[in-house]
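Report on the following structure.
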C-alpha cells in the first residue's frame, strides 16, 4: 500500500472521498478482529471550497472535537476538521500508538448534489452512536440475517453507506446496518454507480506531530 504525506494529498481531497482508520481503542480492535480487516472506522471528506478547509463527516462516540457546523459535542453524526480528527484520534489511549489512516479517492462522472448532502447532514445531526453491544447486534442482524434495524442510531459505516445511497453514489446488497468499515476498503463490495473508488493510499501525518 502506497503512502503519501497529508500535505501532498491535501490538494487532491474532494467531497465524497473516504478516509479509513485503524484504531487503538478496544472497540476498534474488536471490530477489526470480527471483520478480519485492519480498518475499524470510516468517514467521508466534505470540501465545500475545492481549495478551502477540508472537513470530515463521521458517526462517532468521541466528543473531544466540536461539530464545526452545529457547535456542539454530541455523539453520532458530526462534521469536524479532517486534520483535527487525524491528529487527535486515539490520543486518549495509553500508551499512545499512532493509528493508521488511508484515503480512497472517489472519482465520479457527475457532480455531487451539495444541497442534498447538507440537508442530509442537518437531518441526521444529533442522532446518537449506538453502544458497543447494540452496534454488534445491529451489524449481525443486517449482515447475516438481512434484517433492517429499526433502531434510530448510526454506526460510522451505516452513516457513510446511507450518505452514499442518498447522494446516488452507490448501492448495497445488504441492509445498511450490516455494513462494516472493511466494506469501504478495496476488498469491499461497494457498487459505485457512475465512477469508481481508487485504491487506498496511506496518509502520513508525521509532519504534524510536533503541532499536536
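General observations
- Cβ-based exposure ranking for 152, 203, in which fewest neighbours within 10 Å come first: 152, 203
- Each residue, residue 166 and residue 111, gets one label point 7 Å from its Cα in the Cβ direction; the gap between the two is 2.0 nm.
- Among 68, 97, 132: highest mean-square fluctuation, GNM of the chain, C-alpha pairs under 10 Å: 97
- Proxy reagent accessibility, fewest Cβ within 10 Å first, across 39, 133: 133, 39
- One chain, two ends: residue 146 and residue 70. Fully extended at 0.36 nm per residue, the span grows by 23.9 nm beyond their Cα-Cα distance.
- Inter-centroid distance (Cα atoms) of segment 144-212 relative to segment 48-117, Å: 13
- For segment 3-207: relative contact order, % (alpha-carbon pairs under 8 angstrom, 6 or more apart): 27
- Scaled against 2.2 N^0.38 Å for its residue count N, the alpha carbon radius of gyration of the chain is 0.95.
- Each label was represented as a point 7 Å from its Cα along the Cα-to-Cβ direction; for residue 14 and residue 174 these points are 3.0 nm apart.
- Label-to-label distance, nm, for residues given as residue 7 and residue 191 (7 Å Cα→Cβ offset): 4.4
- Ordered by the number of other Cβ atoms lying within 10 Å of each residue's own Cβ, fewest first, 93, 139 fall into the sequence 93, 139.
Each value in this text was obtained by applying a stated rule to the coordinates, not by laboratory testing. Being a predicted model, the structure only gives us computed values, none of them experimental. Methodologically, a virtual Cβ is constructed for each residue, glycine included, from the backbone with ideal geometry; neighbour enumeration extends over all protein chains shown.
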